[in-house]
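Q: Input: one structure, supplied below.
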Amino acid sequence: MFSRLILKTASFVAPKTDRTVRAARKMTQTSTNHVARTRVMVADDNQAIRDLVVQILEAEFDVVGVASNGDEAVELAKRFLPEIGVLDITMPGKTGIEAAEELLSNGSKIQIVFLTVHEDPEFVRRALEIGASGYIAKRKMAKELTLAIKKISLGQNFISPCCSPAEY
């Protein structure tokens with residue numbers, strides 16, 4: 001009797017209803033259609049620029065943190081582990097360069113994109129020396145920022161043509 005009860009229990013399968021079939025299909029479609037979006041952090045001391053950058057990026061990327069200075073950027077990067085960090089160079093306190101150096105020297109896998117008003121080749125050289133993957137002039141961000149992040153996500157570097165020294 002006991003063994004017969006086990007067999008009957010083991011062979012019992014819940015009947016499939018329209019509701020369970022629809023739910024299973026929906027879960028399958030969701031899991032197969034889901035594509036992970038690149039996680040991005042933004043740091044700029046200018047609120048209007050931060051808002052604009054977030055607005056540009058939100059359509060195609062997950063903006064996981066927004067900072068107003070380099071110190072906040074380092075903390076957010078450690079907490080949220082973004083794949084890409086979009087940093088201004090000139091910020092109060094810790095600069096974008098200093099924040100990037102700290103993150104990259106401590107083993108962070110974050111890829112740095114500088115978004116700045118500085119178009120001087122010396123700034124570009126310095127950014128590349130510390131390991132930045134991208135350098136974009138703020139005046140070109142509407143056209144170049146999304147493209148740059150896509151390229152960097154694929155392992156390429158991106159430098160705004162208006163900032164590119166001839167040897168890069």
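The values are calculated or read from the model by the stated rules, or taken from the named source; none is laboratory data. All of these numbers come straight from a predicted model, not from anything done at the bench. Every residue, glycine as well, gets a Cβ built from its backbone with ideal geometry; the counts of neighbours run over all protein chains shown.
Q: Where residues in region 119-146 are part of a loop (DSSP other than H, G, I, E, B) and among the aliphatic types (A, V, I, L, M), which of them is farthest from the chain's Cα centre (by Cα)?
A: Ile130
Q: Further question on the same structure: Could you tell me whether region 82-102 includes any residue that is at negative phi, in a helix (DSSP H, G or I) and without any contact (Cβ under 8 Å) to a residue 12 or more places away in the chain? So that I can check it myself, show each step before the final result.
A: Just the residues of region 82-102 that are at negative phi, to begin with: 82-92, 94-102.
Now restrict to residues that are in a helix (DSSP H, G or I): 96-102.
Cutting the leftovers down to without any contact (Cβ under 8 Å) to a residue 12 or more places away in the chain gives us none.
Within region 82-102 (the criterion being at negative phi, in a helix (DSSP H, G or I) and without any contact (Cβ under 8 Å) to a residue 12 or more places away in the chain), the answer is no, since none of the residues qualifies.
Q: So which of Leu76, Leu103, Leu81 ends up being closer than 21 Å to Val63 by Cβ, assigned by TED's automatic domain parsing to the domain that holds Ile49, surrounded by 14 or more Cβ atoms within 10 Å (Cβ to Cβ) and touching a helix residue (DSSP H, G or I) at 6+ places or on another chain (Cβ under 6 Å)?
A: The conditions single out Leu103.
Yes or no, residue by residue, for (1) closer than 17 Å to Met41 by Cβ; (2) modelled with pLDDT under 95:
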position	(1), (2)
Leu81	yes, no
Gly85	yes, no
Ile89	yes, no
Val113	yes, no
Gly134	yes, no
Thr146	yes, no
Lys151	no, no
Ala166	no, yes
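Q: Being within 17 Å of Lys138 (Cβ to Cβ), hydrophobic (A, V, I, L, M, F, W, C) and in contact with a Lys or Arg (Cβ under 9 Å, 6 or more places away or on another chain) is true for just one of Val74, Val54, Val42. Which residue is that?
A: Just one listed residue meets the conditions, Val42.
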